[in-house]
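Worksheet for the structure shown next.
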């Protein structure tokens, strides 16, 4: 129930969520990403940062490093898609392709 309350707060505009009369401090997707990364550190002890892009009205994408392999949190029509799906494949493939191209160009 708690995770779902945070999901609702993050994925619905103009809705404030108060489970047990305590307001959830999440207003949008970016706030939710920051909660996932809170307290996480990289291999050098630095706080893990994310790159967040509000692609358009329907797509918001965040990327961060992880020492635990690929992990994803995704929603379609405000419903958590915990196993990913075609939309996650599309975002992942597009992101990796662009990252590889930038790295190739940087190392020329």
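Just so you know, all these numbers are worked out from the coordinates, no wet-lab data involved. Note that the structure is a prediction, hence the values are computed from the model and not measured. Here the Cβ positions follow ideal geometry from the backbone for every residue, glycine too, while neighbour counts run over all protein chains shown.
Worth a mention:
- Rounded tilt (10° steps) of 2-11 against the dominant C-alpha axis of the chain: 70
- Between the beta carbons of residue 88 and residue 21, assuming R0 = 35 Å, the FRET efficiency works out to 0.50 to the nearest 0.05.
- A value for Cα Rg over 2.2 N^0.38 Å was derived from the coordinates, and within the list (1) 1.04; (2) 1.11; (3) 1.20 it appears as (3).
- The reciprocal of the average 1/r between distinct C-alpha atoms defines the Kirkwood hydrodynamic radius, which for the range 50-108 equals 12.9 Å.
- Taking the longest Cα principal axis of the chain as reference, the axis of helix 86-106 is set at about 40 degrees.
- Structural descriptor for the chain: relative contact order 15 percent, calculated from alpha carbon pairs under 8 angstrom and at least 6 residues apart.
- For the range 1-47, the average shadow cast by the Cα convex hull is 3.7 nm², which is a quarter of the hull's surface.
- The ranking of 41, 57, 34 from fewest to most other beta carbons within 10 Å of each one's beta carbon is 57, 41, 34.
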